[in-house]
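Colleague: There's a structure below that I have some questions on.
Here, each number is a calculation from the coordinates, and none is a lab measurement. What you see is a predicted model, and the numbers here were worked out from it, not measured in a lab. Using ideal geometry, Cβ is built from the backbone for each residue, glycine included, and neighbour counts are taken over all protein chains shown.
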Amino acid sequence: MLGEAAVAEKPPRVEKKAHAPKRYPCPRCGTPGRRLFKRTRRVRHLGHRREVWWEVTVGVYKARCDCGPKHFTSTVRGVQVGAEYTNAVREKVVDLLVRDHLSNYKVIEHLEEDFLFRVSIGFIYDALEWAGKKGFVRRVPRLVPGAPKRGAVHR
Ligand SMILES: [Zn+2]
């Protein structure tokens with residue numbers, strides 16, 4: 001079927017992205033922390049019928065403030081802390097749901113056919129919640145668990 005023939009026509013591509021300066025501001029208060037070490041991981045990105053990865057290198061920093069955890073990490077543009085997929089993938093998911101009105105399962109199918117990876121339902125909810133926070137989507141659908149802080153659900 002569609003999948004088999006389309007897979008692996010092109011070799012996977014890996015793009016390197018790094019942002020790990022020696023000092024980096026605490027994400028809460030801005031006090032610079034000093035880098036302890038660097039960490040590299042792969043994050044899936046969109047590529048038409050092609051496996052595309054970002055090899056992301058970030059720094060892990062020791063906080064010199066008391067406002068939060070003792071350590072924090074830097075981020076590269078376009079990837080959230082600890083994310084498995086780039087923001088471009090999240091935006092794609094949101095577009096398919098909100099603009100194209102696809103169902104969750106159609107979104108999963110579409111991504112699999114066009115970009116050769118399979119996201120979870122949980123990721124779809126995350127993407128919507130993320131988009132809601134960024135204001136891409138005015139009203140995050142109520143089905144998103146934990147998302148609507150404003151219109152709190154009464155039990
Ligand atoms: Zn701080």
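Colleague: Just checking, which of V94, V89, V81, V60 is of a type in the set (V, I, T), surrounded by fewer than 16 Cβ atoms within 10 Å (Cβ to Cβ) and on the phi < 0 side of the Ramachandran plot?
Modeller: V81
Colleague: Name every residue in segment 36-58 that is under 19 Å from H110 (Cα atoms) and under 14 Å from the mean Cα position of the chain (by Cα), in order of residue number. Please lay out each step first, then the result.
Modeller: Step one: filter segment 36-58 for residues under 19 Å from H110 (Cα atoms), giving 44-53.
Passing the criteria: R44, H45, L46, W53.
Colleague: May I pose another question? Within segment 77-88, take every residue that is within 19 Å of G47 (Cα to Cα) and in contact with a Ser or Thr (Cβ under 8 Å, 6 or more places away or on another chain) and give me the one that is nearest to the ligand (Cβ to nearest atom).
Modeller: V79
Colleague: When you scan segment 59-71, do you find a residue that is in contact (Cβ under 8 Å) with a residue 24 or more places away in the chain, more than 19 Å from K133 (Cβ to Cβ) and under 20 Å from the mean Cα position of the chain (by Cα), even just one?
Modeller: Of all residues in segment 59-71, those in contact (Cβ under 8 Å) with a residue 24 or more places away in the chain come to 59-65, 67-68, 71.
Those still in the list that are more than 19 Å from K133 (Cβ to Cβ) too: 59-65, 67, 71.
Keeping just the survivors that are under 20 Å from the mean Cα position of the chain (by Cα) gives 59-60.
Yes; the residues of segment 59-71 include at least one that is in contact (Cβ under 8 Å) with a residue 24 or more places away in the chain, more than 19 Å from K133 (Cβ to Cβ) and under 20 Å from the mean Cα position of the chain (by Cα).
Colleague: Please indicate, with yes or no, whether at least one residue in segment 25-37 is small (G, A, S) and away from the ligand (no atom under 16 Å from the Cβ).
Modeller: Applying the first criterion (small (G, A, S)) to segment 25-37 yields 30, 33.
Then keep just the ones that are away from the ligand (no atom under 16 Å from the Cβ); that gives none.
No, there is no match, as no residue in segment 25-37 is small (G, A, S) and away from the ligand (no atom under 16 Å from the Cβ).
Colleague: Out of segment 45-64, which residues are more than 17 Å from H19 (Cα to Cα), more than 16 Å from the ligand (Cβ to nearest atom) and of a type in the set (D, E, K, R)? Can you show your working first?
Modeller: If we filter segment 45-64 for residues that are more than 17 Å from H19 (Cα to Cα), which is where we start, we get 45-52, 63-64.
With more than 16 Å from the ligand (Cβ to nearest atom) added as a condition, the list becomes 45-52.
Matches in segment 45-64: R49, R50, E51.
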